[in-house]
1. Residues that are within 30 Å of C106 (Cβ to Cβ), assigned to a loop (DSSP other than H, G, I, E, B) and modelled with pLDDT under 90: does region 12-19 have at least one?
2. For residues that are farther than 29 Å from Q165 by Cβ and without any contact (Cβ under 8 Å) to a residue 24 or more places away in the chain, scanning just region 26-42, find the one that is least open to solvent (accessible area, probe 1.4 Å).
3. Does V45 qualify as being within 23 Å of D180 (Cα to Cα), open to solvent by less than 20 Å² (accessible area, probe 1.4 Å) and not in a loop (DSSP other than H, G, I, E, B)?
4. Quickly run through region 42-100 and pick out the residues that are polar (S, T, N, Q) and over 21 Å from N168 (Cα atoms).
5. Are any residues in region 31-41 part of a strand (DSSP E or B) and over 9 Å from G170 (Cβ atoms), and if so, which ones?
6. Give me a count of the residues in region 147-179 that are of a type in the set (D, E, K, R) and within 18 Å of the chain's Cα centre (by Cα).
7. Filter region 65-96 down to the residues that are within 17 Å of A21 (Cα to Cα) and hydroxyl-bearing (S, T, Y) and list them by number.
8. Give me the pairs, please: first residue somewhere in region 111-125 and at positive phi, second residue anywhere and surrounded by fewer than 17 Cβ atoms within 10 Å (Cβ to Cβ), beta-carbon distance under 6 Å, and either six or more positions apart or on two chains.
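The values are calculated or read from the model by the stated rules, or taken from the named source; none is laboratory data. Just so it is clear, the model here is predicted, and its values are computed rather than measured. So basically every Cβ, Gly included, is an ideal-geometry build from the backbone, and we count neighbours across all protein chains shown. Just so you know, the surface numbers come from the protein's heavy atoms only, side chains and all, with ligands and any DNA or RNA stripped out. Shrake-Rupley method; radii C 1.70, N 1.55, O 1.52, S 1.80 Å.
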Amino acid sequence: MNSDFRADFVRQPAGLKHHPALVLNADYRPLSYYPLSLWPWQDAVKAAWLDRVDIIAEYDEVARSPSMEIRIPSVVVLKDFVKPQRKVAFTRFNLFLRDEFACQYCGATGDLTFDHVVPRAAGGVTSWENVVAACSKCNLSKGSKSLKRSGLSLRKPPRQPAAEQLRNMGRKFPPNWLHDSWLDFLYWDAELEA
């Protein structure tokens, strides 16, 4: 995988000094895996102060105000369950995630754009079933031709993903930086390989 391309979609903590907090739903699962559900430490402290989250793990560092001090949260769990979305939004990010950040014609990972399988000039619509991730080379090669005329073939047919499928797909792309306190809460519900 070309991690540089995927990193364009994820805000990475600039260093440990920012102390992001992993946010878990009330069932102790992350709200999202890719991008990983993170809050700045200030938001985590505010949510704890407002009694909207429970602090599960903390950093060693302390935040101080004139009247109090609190260890900076590294993992928080929401007190109220947030129901996951059932319908997946048709966005560029979700399309690339569905296609695993790879060209659906040649498998290349980098310099991705999207392509209409049935060209718009031929009446193709912009939908989950007609749009795929494509590298610039394949996209230019195909142009406004049909698949048959272009000589290209799809690695898999484009389909609208279910929300759970997209969440599972996100687990395949762990972030570049994980704090040790997060590891117990990530991927615990993933299916074990035999």
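1. There is at least one residue in region 12-19 that is within 30 Å of C106 (Cβ to Cβ), assigned to a loop (DSSP other than H, G, I, E, B) and modelled with pLDDT under 90.
2. P40
3. For V45, the condition - within 23 Å of D180 (Cα to Cα), open to solvent by less than 20 Å² (accessible area, probe 1.4 Å) and not in a loop (DSSP other than H, G, I, E, B) - is not met.
4. Q42, S65, S67, S74
5. L38, W39
6. Going through region 147-179 one residue at a time, the tally reaches 4.
7. S74 - this is the single residue of region 65-96 that is within 17 Å of A21 (Cα to Cα) and hydroxyl-bearing (S, T, Y).
8. D111/S136
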